[in-house]
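Contents: one structure, followed by commentary.
The values are calculated or read from the model by the stated rules, or taken from the named source; none is laboratory data. Please read all numbers here as calculations on a predicted model, not as lab measurements. Note that we place each Cβ from the backbone using ideal geometry, even for glycine, and neighbour counts take in every protein chain shown. Note: areas computed on protein heavy atoms with side chains; ligands, DNA, RNA excluded. Shrake-Rupley method; radii C 1.70, N 1.55, O 1.52, S 1.80 Å.
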Amino acid sequence: MNKILSVIVLSLALQVSAQDKPADKPADKLATKQTVRLFNNLKKLVTNGYMVGHQDALAYGVNWKYQPGRSDIKDVTGDYPAVYGWELGHLENGADRNLDSVPFGKMKQYIRQAYARGGVITISWHGDNPMTGESAWHPARGTVESILEGGDKHTAFIKQLDKVADFFLSLRGTSGELIPVIFRPYHEHTGGWFWWGNATTSDGSYIKLFRLTVDYLKNKRKVHNLLYAYNTGTEFTSAETYLQRYPGDDVIDLLTFDCYQGTKPGSDSIYRRQMDQALTIVEAVALQKGKIAAVGETGSNQVPDGKWWTETLAPVLAGHRFSYVLFWRNAGLKRKENQVEYFVPFKGQVSEADFLKFYKLPNTFFQKDVSYPRMYK
Ligand code: BMA
């Protein structure tokens, strides 16, 4: 390349990088020291492998509840997950336990315990529909508009956000520092089943809702221990469709999606294809933006395939650059619905031995791999 040409190429490259500089800090410019460190460590870790997480890991498992120190993953591997998922649904109503009956007081204790070990905390919010008072699964048209500024449920919704803010501000480590949390509200919005979903909420209203939430927590309530996760389902097929309702680089830190394996024959190959496509798209966007890719929720309910971990899941995840994968909850028998739900094995479950193999893979990280202070130093 001659000299003039290389000068032109260099100055073009500088212009591009100045305009689209990947983030090297969380979106919240006032994020606490531990939150900034978590952001940087989440990014660093992706080069070597991914963390494994479990929803409600410490609260209950299949056939047990609230036994100190227990977790189904620990029963099987001797180790805890690295990422702990929790859920705020019903906190907005002032309830003392969430929609899955986990008392918020206990949840706070579990969060403190997991953080003390070095674990990463992520929180979702299946909040009730603020317009109709029904559940999160009540996609009534106009709901989001009713809670945006000027809407007749706006003030009531702000009161809900106050409860959420109070919760985050109550999470403190042993030195009084705020515990960092990856907050993943308004998830799976590319489907139509939630009141914030795309069947009843326009792209513009969704973006406004997300931005209002972040603005209120960060600027009004001074909550600075959060990383924010943007979370879709697997409906997207390109970076453009993934980012269709993206609230902006100035509010989002993690780029995530949820992907479950179905139960019909052939579901495993569909799952592999979907997971591979979604990860390929999301990790490329994350790399370009300097954000963090992760799998917000996944699993194969009741893991009927005894080799699922090493023959379906691990091969598709290998080679992708993302931070963690969170398995959904081990509810066991849900009496109200008469359904059985669990996504990681327990002692005696058909995939127990294979999960142990998955645990031992060099690129899967559990609690011992991220002992304190690795993610927070
Ligand atoms: C769903 C199911 C429900 C639960 C909800 C929120 O996917 O597990 O039983 O109430 O998540 O945690």
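State to the nearest 20 debye the size of the charge dipole of segment 184-308 about its Cα centre, where the only charges are +1 on K and R beta carbons and -1 on D and E beta carbons.
So the magnitude is around 420 debye.
Provide the net charge surrounding Glu188, with neighbours chosen by a C-beta distance below 12 Å and charges set as Lys +1, Arg +1, Asp -1, Glu -1.
-1
Using +1 on the beta carbon of Lys and Arg, -1 on that of Asp and Glu, and nothing else charged, what's the dipole of the chain about the Cα centre, debye to 20?
The dipole of the chain has a size of about 1220 debye.
Have a look at Leu58, Asn41, Val83 and report the one farthest towards the positive end of the charge dipole of segment 28-83, computed about the Cα centre with Cβ charges (Lys/Arg +1, Asp/Glu -1).
Asn41
Per residue, how much accessible surface does the chain expose to a 1.4 Å probe? Answer in Å², no decimals.
Averaged over the residues of the chain, the accessible area is 42 Å².
Treating only the Cα positions of segment 90-182 as identical point scatterers, give the base-10 log of I(q)/I(0) from the Debye formula at each q in 0.17 Å⁻¹.
Per q value, in the given order, log10 I(q)/I(0) is -0.80.
With Rg and the Kirkwood Rh both taken from Cα atoms, where does Rg over Rh land for segment 205-261?
Radius of gyration over Kirkwood radius for segment 205-261 works out to 1.02.
Among DSSP beta bridges lying fully in the chain, give the percent that are antiparallel, nearest 5.
Beta bridges within the chain, antiparallel portion: roughly 15 percent.
Express in % the proportion of alpha carbon pairs of the chain at distances exceeding 39 Å.
13 percent
Taking all protein chains in place and a 1.4 Å probe, what share, in percent, of the accessible surface of the chain do carbon and sulfur account for?
C and S fraction of accessible area: 53 percent.
Karplus couplings for segment 207-220 from phi (6.51 cos²θ - 1.76 cosθ + 1.60, θ = phi - 60°), rounded to Hz, Gly and Pro as x?
4, 4, 4, 5, 5, 4, 4, 5, 4, 5, 4, 6, 8, 7
Once every DSSP H run of n ≥ 4 in the chain is given -39500 (n - 2.57) and the sum is divided by its residues, what mean residue ellipticity at 222 nm do you get, rounded to the nearest 500 deg cm²/dmol?
Result for the chain: -10000 deg cm²/dmol, rounded to the nearest 500.
I'd like the Karplus ³J(HN,Hα) series for segment 260-268: coefficients 6.51, -1.76, 1.60, θ = phi - 60°, whole numbers in Hz, and an x wherever there's a Gly or Pro.
For segment 260-268, the Karplus-derived couplings read 10, 8, x, 10, 6, x, x, 5, 5 Hz, x marking Gly and Pro.
With charges set only on the Cβ (+1 for Lys and Arg, -1 for Asp and Glu), what does the dipole of segment 304-377 come to about its Cα centre, in debye to the nearest 20?
For segment 304-377, the charge dipole is close to 340 debye.
Take each of the peptides 325-331, 103-109, 157-163, average the number of other beta-carbon atoms within 10 Å over its residues, and list them starting from the highest.
Peptide ranking by packing, descending: 325-331, 157-163, 103-109.
So how do 164-175, 56-67, 332-343 stack up, highest first, on mean other-Cβ count within 10 Å?
Going by the mean number of other Cβ atoms within 10 Å, highest first, we get 56-67, 164-175, 332-343.
Using θ = phi - 60° and the Karplus form 6.51 cos²θ - 1.76 cosθ + 1.60, what ³J(HN,Hα) does each residue of segment 330-347 get, whole Hz, x for Gly and Pro?
8, 6, x, 6, 8, 4, 4, 8, 6, 10, 9, 9, 7, 10, 10, x, 10, 4
Starting from the Cα of Lys153, draw a straight line to each of the lysines and keep only those under 17 Å, dropping any in the same chain fewer than 8 residues away.
Lys163, Lys208
If amide hydrogens are placed 1.01 Å from N in the peptide plane, which non-local residues have theirs closer than 5 Å to the one on Val83?
Val52, Gly53, His54, Val120
What's the local net charge at Leu30, with K and R +1, D and E -1, over the other residues with C-beta under 15 Å away?
+3
Please list the non-local residues whose amide H lies under 5 Å from the amide H of Leu227, H modeled 1.01 Å from N, same-chain partners needing a gap of 5 or more.
Sorted by chain and number, the residues that satisfy this are Val181, Ile182, Phe183.
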